[in-house]
Amino acid sequence: MEKTTMDHDDYLLKKSIFRIGEVSSVDGREVSVRVDQEKNRSHILYRGELLSNVSVGGYVKLIKGFNSLIGKIEKEYVKEDRMVSKSSEYTQPEERFVRFLSVKILGYFSGDKYCKGIKELPLIGNECILLDAEEYQKIHSFAQKGESTIRLGALMTDELISIDVSVDRLFASHIGIFGNTGSGKSHTLATLYKNLFQEFGDKKAFRENARFILFDFNGEYSNKTSVTPLKKVYNLSTRGDREDKIQLSSQDILTPEIFFILASATEKTQQPFIKRMLRLYQDVHLTENPTSYTQRILKRLLRRMVVMKDSQNGALILDYMKAILENEEDEADSFNDIKWNTKDKYFYYQSDGGAWEYFTDETQGVVEKTSFYEAIEKYKEEADFIDRAIKFLYIQLIKDLIENRAQNEHVAPAINKLKSLSKEFSKVFSISTDEGSAKLWEEGKPLAVINMDKVSTSMKKLIPLLLSYKYYQEHKDKKLAEVTSSLNIIIDEAHNILSYDSTRESQEWKDFRLETFEEIIKEGRKFGVFLTIASQRPSDISATIISQLHNYLIHRLINNKDLEMVEKAIAYLDKISIESLPILPPGACVLSGIIADLPLILQVDRLKEEEQPESQTIALTASWVDESTTAEDQPTVAENLTIADTSSFDLDDLPF
């Protein structure tokens, strides 16, 4: 009985001290609270502890019967109390004004658990009280009991409150990390995945079933200890031949969609043409002797061409034949014995100024005398896969021109795009006929880092698109009733490949690029594929991609377009969080999304120097001061003025 009395007394004491006021109006989620006169203080003394009183950005609890609703204070204001003002009694000036809080409802307590969302709204007259330390900790706990968690950092306003998040709810989601340069977004990205690998890296099942691919545009994550040592780094370059190349199988490239990416193929004309070429390529290479079969095709096409009555297409076909057959040993004029008779409109054969010989159905043997036919007899397939594919594109185009199935000006740009790509492509990719050898990840190393700091701009757009599409399709094709393996695609400086306003590429290529990543972000979770993007320019990224992200870590943003994009696309952010974005210090960010039951500002933990990405701002003075010169040896500005030759000054020269 004595204990019950003490508990009751404690309850009354706590309630009387923690009570702030009562609800005076309710407008949807917006609630006004009239603050009690005696609670207009910055701090409250409770059992020897000095507690912060209510303030903008703080949290309060609204008691509605047995239900506890949680709200965030967005603003406070005062109103004149007319009853006190009209009273004839003498009052202090401060007693004439009443303090009000504008509170937005965020969630509620269900038993001991905090839940996000609106279960019900308060009534006028309901009490508003402060949260105690235990309740404050609960609303900042973002994981269920028994869930695996990782630490991100600490609450910025209270470093004693650790921000630990559920691994499942964070990494089985699409994540957006945004912030201006120098705000700490690269550090946050590294912290996320470093803590994940630290927690699970020693588990065999994790190393077998989890896959991560990080596209590093500036070489920030390529050192051995950044993020995790459990990684394979591909140091790519289009400037010269490096040893590192990404292994792909020939079947990867022969997939129509992949080939469309390489050739930037348009949907209505170039893609059907490429599909016909791929069928031809596969039919040829299913035979016992692909080279001999290709020679027979070329001979047949040559015979059909020489009897054509169309000089324009005939000349194009001869040029394409040259592209297929000529090699470094051929002289420039080695393919000049097939000529066109302008008057009678037919092709004829003439070698070294000799007599004309006509190509007719009765004299097909003349074809065998031509340099083209002789070159076909010597034809060998290219060792380089892309060069071999280009020659088959020419073969298919010759066939289509003879049959009037395609127009050269519609199809040739796709071939030219592939030709311009072939040199750079062969420097970063290696094509193998053995599908088993085309592995991106090393055994026991779940992370692959694609370092593109020395890669051309065009290839920087192609590599992430090609690999993301390839591995997304693999996960999509092998989907089982239960997904057991996962793929996290991490794109640093994501505006480089997710920008909607790029003017360096065709509209069709841009649409395909964005549609690919938009499909991943819309449907990827069903197949165990998740996207993490980091960018300093969120306004440049497709609004569809931004709005479909599940969780956000937003560092300092200053540009108005970026702020507007964030405010429009992210429904989880409240007014205070948005207004704080331009003034966040380095390393601080707003955490929001499905993982956070309420938006909050946290200070991300600082990594050890060897674990940090190479994105630090350089110290200029470190390279400006001689190592042998100490600070004491450096003359100050005043000393410099003293050292100056004052005799050179003339009072008459002064401007006053």
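Of the helices (runs of 4 or more DSSP H) lying entirely inside the range 247-366, those carrying at least 2 residues that are over 19 Å from A412 (Cβ atoms) are 250-254, 256-263, 270-285, 290-305. Within the range 441-453, identify whether any single residue is without any contact (Cβ under 8 Å) to a residue 12 or more places away in the chain, closer than 30 Å to F197 by Cβ and in a loop (DSSP other than H, G, I, E, B), and answer yes or no. Yes, because at least one residue in the range 441-453 is without any contact (Cβ under 8 Å) to a residue 12 or more places away in the chain, closer than 30 Å to F197 by Cβ and in a loop (DSSP other than H, G, I, E, B). In the range 583-600, the qualifying residues are those that are of a type in the set (A, V, I, L, M, F, W, C) and more than 18 Å from L189 (Cβ to Cβ), and the one that is surrounded by the most Cβ atoms within 10 Å (Cβ to Cβ) is L600. Restricting attention to the range 227-243, the residues being part of a loop (DSSP other than H, G, I, E, B) and crowded, with 16+ Cβ neighbours inside 10 Å number 4.
Name the single residue that is farthest from H495 (Cα to Cα) among those in the range 138-166 being hydrophobic (A, V, I, L, M, F, W, C) and out of contact with any strand residue (DSSP E or B) (no Cβ under 6 Å at 6 or more places or on another chain).
L160
Among the residues of the range 135-147, is any in contact (Cβ under 8 Å) with a residue 60 or more places away in the chain, farther than 16 Å from D597 by Cα and in the same structural domain as G57 (by TED's automatic domain parsing)? No, the conditions are met nowhere in the range 135-147. Restricting attention to the range 209-254, the residues that are without any contact (Cβ under 8 Å) to a residue 24 or more places away in the chain and either closer than 30 Å to R606 by Cβ or assigned by TED's automatic domain parsing to the domain that holds L531 (or both) add up to 2.
Residues satisfying the criterion are absent from the range 301-317 (criterion: assigned by TED's automatic domain parsing to the domain that holds D400, more than 24 Å from Q407 (Cα to Cα), of a type in the set (G, A, S) and modelled with pLDDT under 90).
Results for (1) in a helix (DSSP H, G or I); (2) buried (at least 22 other Cβ atoms within 10 Å of the Cβ); (3) not assigned by TED's automatic domain parsing to the domain that holds F517, shown as yes or no for each residue.
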position	(1), (2), (3)
S539	yes, yes, no
Y552	no, yes, no
E564	yes, no, yes
E567	yes, no, yes
I578	yes, no, yes
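On inspection, F217 fails the criterion of being among the aromatic types (F, W, Y), within 24 Å of E493 (Cα to Cα), out of contact with any strand residue (DSSP E or B) (no Cβ under 7 Å at 6 or more places or on another chain) and at pLDDT 90 or above.
The numbered conditions (1) within 30 Å of Q612 (Cβ to Cβ); (2) more than 14 Å from the chain's Cα centre (by Cα); (3) in contact (Cβ under 8 Å) with a residue 24 or more places away in the chain are all true for L553 except (2). With respect to the conditions (1) modelled with pLDDT of 90 or more; (2) under 21 Å from Y552 (Cα atoms); (3) buried (at least 20 other Cβ atoms within 10 Å of the Cβ); (4) not polar (S, T, N, Q), Y472 lacks only one, and its number is (2).
Listed here are the strands (runs of 3 or more DSSP E) enclosed by the range 1-108 that have at least 3 residues being assigned by TED's automatic domain parsing to the domain that holds I594, surrounded by 14 or more Cβ atoms within 10 Å (Cβ to Cβ) and modelled with pLDDT of 70 or more, and there are none. With respect to R388, is the statement that it is over 35 Å from the mean Cα position of the chain (by Cα) and either on the phi < 0 side of the Ramachandran plot or crowded, with 17+ Cβ neighbours inside 10 Å (or both) true? Answer is no for this residue.
When the range 514-537 is examined, which residues are found to be within 21 Å of K478 (Cβ to Cβ) and outside any helix (DSSP H, G or I)?
G528, V529, F530, L531
The requirement of being part of a strand (DSSP E or B) and either within 27 Å of S237 (Cα to Cα) or not polar (S, T, N, Q) (or both) is fulfilled somewhere in the range 192-210, by at least one residue.
The values are calculated or read from the model by the stated rules, or taken from the named source; none is laboratory data. Everything numeric in this text was worked out from a predicted model, so none of it was measured. All Cβ positions, even for glycine, are placed from backbone atoms using ideal geometry, and neighbour counts span all protein chains on display.
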